[in-house]
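Shown next, in structure tokens, is the structure this report addresses.
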Amino acid sequence: MIKKSLGALIAFVVVFVAGCGVTHSPIPQAVTVERLISDGWNLYDNGAYEAAAAKFDSAISINVLNVEAHLGYAWSENMLGNLKESRSYFKILEIAAFGATCTPLKIDSNIVVTHEATTWGDTVHVLRVHSAPILKIFKIVANDRSTYKPIYIGYDEIWLDTLPTNDTFRVYYFAYRPDVVVDSVRYLVGWGYSGYGASYLDDNTGDEDEAVYGIKTAELLVGDDTVSFAHAPYLNMQKLKALEALAFFRWGLYKNTVDILVNDFGWTDWDPTYDPFDIERRVMILQKLEEVMRNSGQ
């Protein structure tokens, strides 16, 4: 028993003495969400998107409600070309930030259609909703159950080009609700929505309504030309407006495209008497849109 104890003591002394004067590696500090996010953005900015995604994913595993971790993961997957995966996480940003959708589905019933003349001489059939600005149209149903598609979506109005068979409508739509937006994460969520919308254009899914929804929501959340997403693809308000114009053009809502080109890019060659749905005018719109896209770095 004594021999065994003595042997153990000698072993301890040998180890202790041998360790004197030796510099040991510092004890690793606990990994924090903040450190993981910082490392993730550093990797992202250096083009190491897969490694960046892993860092952001680790941050999410520690704090599933961290908005910036979701944003970083989504953009990393986006840059890797995993657009469907990125869209899922861009959308989760909203839940992480607010706990529920900030744009709940609205249902306006018994909207009476009006018939109004356009500046180019056609007649359109107009529905005005109660909440604005409109972000996305889910469904337009007349009281006789006929369904319709919009040709123009304004701040609080929807244009139909087909003469309705019924005078009253029910509209299912999404409208912006600024009262639920938290200022501390406003820009992060805004750039999340921008990625969500832009990914639909990159993916050519044909879901231009989703692209418009994401981009318009981003514009409303960011709301300042001086604020830009500091990481590639370096989005700013001008680029968002250009993407919104492109999404509307692909969707066939040419007047929406014209409104953006005139109001946000100062297009002076467009005359209000021109019909934006005329095929020759459409070529003119496309040429201006391509110029705007080039100038905005798209």
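What to note about this one:
- Projecting the Cα atoms of 162, 60, 215 onto the charge dipole of the chain, computed from C-beta unit charges around the Cα centre, puts 60 farthest toward the positive end.
- Candidate values [x] 72, 18, 13; [y] 35, 23, 18; [z] 55, 22, 14, label of the one derived for semi-axes √(5λ) of the Cα gyration tensor in Å: [z]
- Residue among 94, 280, 50 with the largest mean-square fluctuation in a Gaussian network model of the chain, springs linking Cα atoms under 10 Å: 280
- Of the residues 199, 262, 287, the one whose Cα sits farthest toward the positive end of the charge dipole of the chain, with +1 on the Cβ of Lys and Arg and -1 on the Cβ of Asp and Glu, is 199.
- Sequence of 160, 65 once ranked by neighbouring C-beta atoms within 10 Å, starting from the fewest: 65, 160
- Taking each residue as 0.36 nm, the span from residue 32 to residue 170 lengthens on full extension beyond its C-alpha to C-alpha distance by 44.7 nm.
- The relative contact order of the chain, computed from alpha carbon pairs under 8 Å that lie at least 6 residues apart in sequence, is 13 percent.
- Only Lys, Arg (+1) and Asp, Glu (-1) charged, at Cβ; the chain dipole about Cα centre in debye: 1460
- Dipole magnitude of the range 168-263 about its Cα centre (Cβ charges: Lys, Arg +1; Asp, Glu -1), debye to nearest 20: 160
- Residue order, fewest to most beta carbons within 10 Å, for 37, 95, 107, 137: 107, 95, 137, 37
- Length released on extending from residue 156 to residue 80, taking residue separation times 0.36 nm less the Cα-Cα span: 23.6 nm
- Choice from 267, 41, 159 with maximal GNM fluctuation in the chain (Cα, 10 Å cutoff): 267
- A straight Cα-to-Cα reach below 27 Å connects residue 216 with the lysines 84, 91, 106, 136, 139, 149, 239, 241, 255, 288, residues fewer than 8 places away in its own chain not being considered.
- Pairs of Cα atoms farther than 20 Å apart, the range 105-175, %: 20
- Footprinting exposure proxy for 75, 191, 251 (fewest neighbouring C-beta atoms within 10 Å first): 251, 191, 75
- Length gained when the stretch residue 132-residue 110 is fully extended (0.36 nm per residue, less Cα-Cα span): 6.2 nm
- Top of 113, 126, 31 by mean-square fluctuation, Gaussian network on the chain, Cα under 10 Å: 31
Readers should treat all values here as calculations from the given coordinates under stated rules, not as data from a laboratory. Owing to the predicted nature of the structure, the values given are computational and were not obtained by experimental measurement. Positions of Cβ are generated from backbone atoms using ideal geometry, with glycine treated the same way; all protein chains shown enter the neighbour counts.
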